[in-house]
Amino acid sequence: MNIMDFNVKKLAADAGTFLSRAVQFTEEKLGQAEKTELDAHLENLLSKAECTKIWTEKIMKQTEVLLQPNPNARIEEFVYEKLDRKAPTRINNPELLGQYMIDAGTEFGPGTAYGNALIKCGETQKRIGTADRELIQTSALNFLTPLRNFIEGDYKTIAKERKLLQNKRLDLDAAKTRLKKAKAAETRASQLNSARLEGDNIMVNFSYMLNFLHVKWLKIWAEEVTKSEQELRITQSEFDRQAEITRLLLEGISSTHAHHLRCLNDFVEAQMTYYAQCYQYMLDLQKQLGSFPSSYHCNNNQTPVAPIPSASSNVIGSSALTSTSGLVIASPSNLIDLKECSGSRKARVLYDYDAANSSELSLLADEVITVFSVVGMDSDWLMGERGNQKGRVPITYLELLN
């Protein structure tokens, strides 16, 4: 019975608090009540947190679309994640294309030029599919997961404390309003109590009765003022405490930005590794296809042209695709020309390279070195020279200069 009474009293108190907040909020919207404004620093922190949440959600969703364009597959992965189960491994598009090419090449005959080319292309597509799978796994672990943890963890805590701060502010403003009304009522009661009626005895006696009631009324409002002042002190203390808690949480947004920056670097490195792998795979494939008879390279009566790998635009930028800047990618045709001539040429280094042994030359991105071919050297390497230093360098790291 006591427990029931306690629950009923608590429910009634909660309902009264909710009604008081609703009235205060409505009066603020209608301009009939004053509103306690937060300090400028706290407002800026709240705005920064909201901005971070909005853009983090957008970046996260679009990254998911980039890594997995199929919406049905994304929904399936989301369901398995919520069920805390591992999603079944599915073959991706490059792997499926590669399998089709291999099957077609086998059907046409590996001994034919077209069948052999299809098999080689299919194997390359499968390797690209494997690299794509690694990119998705690495990006999900190092980039998407931290962003999702912020949205579903840290920001939910911030939103909870922010809502609690809003309620404490409404309680504070409601207490201020009640105190203001209590003081106004007390003033009116004092004025009524000081007014004395003059006239016949009946009216005078009636006036004394009213004065007696006014005294009682005055005491009631005096008690109400005291109660309201005490309530105001309590709500002000709770509001200040909650504002400090919210401020400490919001100041952690700067640390969140620093953490997301590290995650972004990991994502960029994963993409760089992926595109570099794809470029190397396609470059190797182009060399393999270049070993076929030249009659297979032409299309009808068109003059065969040595293609420039399209993946290079993702690795070294558009300037490497044109000759307007005086730069030429180290394509097979350039390397053939270099190997056929006995002289040397200048080359610009595209990426940093650490020598694996003493026979190789370490490279720094954007430096210019002298390269030349050596009889009997592997076709993927050239001899590089920088001052008194000399050693083998990989051709995929170079950009020959005209």
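Once the Cβ-Cβ distance of residue 87 and residue 258 is raised to the sixth power relative to R0 = 25 Å, the FRET efficiency obtained is 0.20.
Work out, step by step, the length gained on full extension between residue 183 and residue 354: first 0.36 nm times the residue separation, then minus their alpha carbon distance; give nm to one decimal. Write down the numbers at each step before the final one.
Values: separation 171, 0.36 × 171 = 61.56 nm, distance 8.11 nm.
This chain segment gains 53.5 nm when fully extended.
One chain, two ends: residue 58 and residue 44. Fully extended at 0.36 nm per residue, the span grows by 2.9 nm beyond their Cα-Cα distance.
With the simple spin-label model, which puts each label point 7 Å out from Cα in the Cβ direction, the residue 379 to residue 273 separation comes to 2.9 nm.
Between residue 76 and residue 266, the modelled labels are 2.7 nm apart [label points 7 Å from Cα along Cα→Cβ]. Over 19 Å between C-alpha atoms is what I'm after, so list which of 48/82; 35/180; 58/160 land there. Correct reply: 48/82; 58/160.
For region 127-180, the fraction of alpha-carbon pairs lying more than 18 Å apart is 61 percent, rounded to a whole number. Run the Debye formula on the Cα coordinates of region 72-188, all scatterers equal and no solvent, and tell me log10 I(q)/I(0) at q = 0.13, 0.14, 0.17 1/Å. Rounded to two decimals, the profile gives -0.77, -0.81, -0.95.
Near residue 87, once Lys and Arg are set to +1 and Asp and Glu to -1 for all other residues with Cβ below 13 Å from its Cβ, the sum equals +2. Note on region 41-98: Cα-only Rg and Dmax are 17.0, 57 Å.
Close amide H contacts of residue 392 (hydrogens built in the peptide plane, cut-off under 5 Å, sequence separation of 5 or more or a different chain): 360, 361, 384.
Assign unit charges at the C-beta atoms only (+1 for Lys and Arg, -1 for Asp and Glu), then state the dipole size of region 54-142 relative to its Cα centre in Debye, rounded to the nearest 20. Before the final figure, lay out each step's value.
On the way: 11 positive and 12 negative charges, 26 e Å.
The calculated dipole for region 54-142 is roughly 120 debye.
Give the lysines whose C-alpha is closer than 25 Å to that of residue 390, dropping any in the same chain fewer than 8 places away, or say none. By straight Cα distance, residue 390 reaches 339, 346.
I want the local charge near residue 132. Using Cβ-Cβ distances under 13 Å, sum +1 for each Lys or Arg and -1 for each Asp or Glu among the other residues.
Working: positive: 90, 126, 127, 133; negative: 95, 134.
With Lys, Arg at +1 and Asp, Glu at -1, the neighbours total +2.
Rounded to the nearest whole Hz, the Karplus-based 3J(HN,Hα) values (6.51 cos²θ - 1.76 cosθ + 1.60, θ = phi - 60°) of region 173-182 follow the sequence 5, 5, 5, 4, 5, 5, 5, 5, 5, 5, with x at glycine and proline. Residues 187, 145, sorted by accessible area with the largest first, give 187, 145 [1.4 Å probe; ligands and nucleic acids excluded]. Between residue 370 and residue 108, with labels modelled 7 Å along Cα→Cβ, what's the label distance in nm to one decimal, could you check? Label-label distance for residue 370 and residue 108, simple model: 4.6 nm.
The values are calculated or read from the model by the stated rules, or taken from the named source; none is laboratory data. Because the structure is predicted, anything quoted here is derived from the model rather than measured. Every residue, glycine as well, gets a Cβ built from its backbone with ideal geometry; the counts of neighbours run over all protein chains shown. Heavy atoms of the whole protein, side chains included, go into the accessibility calculation; ligands, DNA and RNA do not. Shrake-Rupley method; radii C 1.70, N 1.55, O 1.52, S 1.80 Å.
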